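A quick write-up on the structure given underneath.
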Amino acid sequence: MSIAHKTLFNVFDQNNDGLLSVVELQRGLNAMGMEASTLESMRLLSSVDTDGDGYLDYKDFSALLDTQGEPVSEAELRRSFGMFDLDGDGYVTADELGVLFSYVGVDAGETLDEWIAEVDLDGDGRVSFAEYKVAFGR
């Protein structure tokens, strides 16, 4: 089990029922800057919903993340990093992520601290672009 996958799943799972609805998936994707429509979210969900119940459990969600493995360019990584680095200081913090997620109505709580801790390789409590690149570059 990837801690990053589990942490992200927990952030998306707003009602903590262990399943992601289309609405939760869409809100989470939008919070990450992916601007997914309801239809796109429905298609994405149905593409990996192994039991056909209309929800993603952690196993389905993790499979979805694993299938999105196309290489990401340095420019794309810098652009996405910049969306999270709200103050432009070259680091992403749990507070910055919390602002973004709350803006779209997602209460991520302490799961953001867990995500930072996993991606933060030097232990300084924040994520540099180099650390972000290690975590998300393929």
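The values are calculated or read from the model by the stated rules, or taken from the named source; none is laboratory data. Everything quoted here is computed from the prediction, not taken from an experiment. Note that we place each Cβ from the backbone using ideal geometry, even for glycine, and neighbour counts take in every protein chain shown.
Of note:
- Taking the criterion of being among the aliphatic types (A, V, I, L, M), more than 14 Å from Met32 (Cα to Cα) and modelled with pLDDT of 80 or more, the residues of region 86-138 that qualify are Ile116, Ala117, Val119, Leu121, Val127, Ala130, Val134.
- Qualifying residue in region 37-53 (condition: touching a helix residue (DSSP H, G or I) at 6+ places or on another chain (Cβ under 9 Å), closer than 25 Å to Glu96 by Cα and of a type in the set (D, E, K, R)): no
- Residues of region 1-47 satisfying the condition of being of a type in the set (Lys, Arg) and over 11 Å from the mean Cα position of the chain (by Cα): Arg43
- Flag for Asp51 being among the acidic types (Asp, Glu) and in contact with a Leu (Cβ under 7 Å, 6 or more places away or on another chain): no
- The one condition in (1) part of a helix (DSSP H, G or I); (2) modelled with pLDDT under 80; (3) over 17 Å from Glu96 (Cα atoms) that Gly69 fails to fulfil: (1)
- Failed condition for Asp89, given (1) of a type outside the set (A, V, I, L, M); (2) more than 14 Å from the chain's Cα centre (by Cα); (3) assigned to a helix (DSSP H, G or I): (3)
- Identity of the residue in region 119-138, touching a residue at least 60 places away in the same chain (Cβ under 8 Å) and surrounded by fewer than 16 Cβ atoms within 10 Å (Cβ to Cβ), that ends up farthest from Asp85 (Cα to Cα): Arg138
- Of all residues in region 49-66 being surrounded by 15 or more Cβ atoms within 10 Å (Cβ to Cβ) and under 13 Å from Leu19 (Cβ atoms), the one that is modelled with the lowest pLDDT: Asp49
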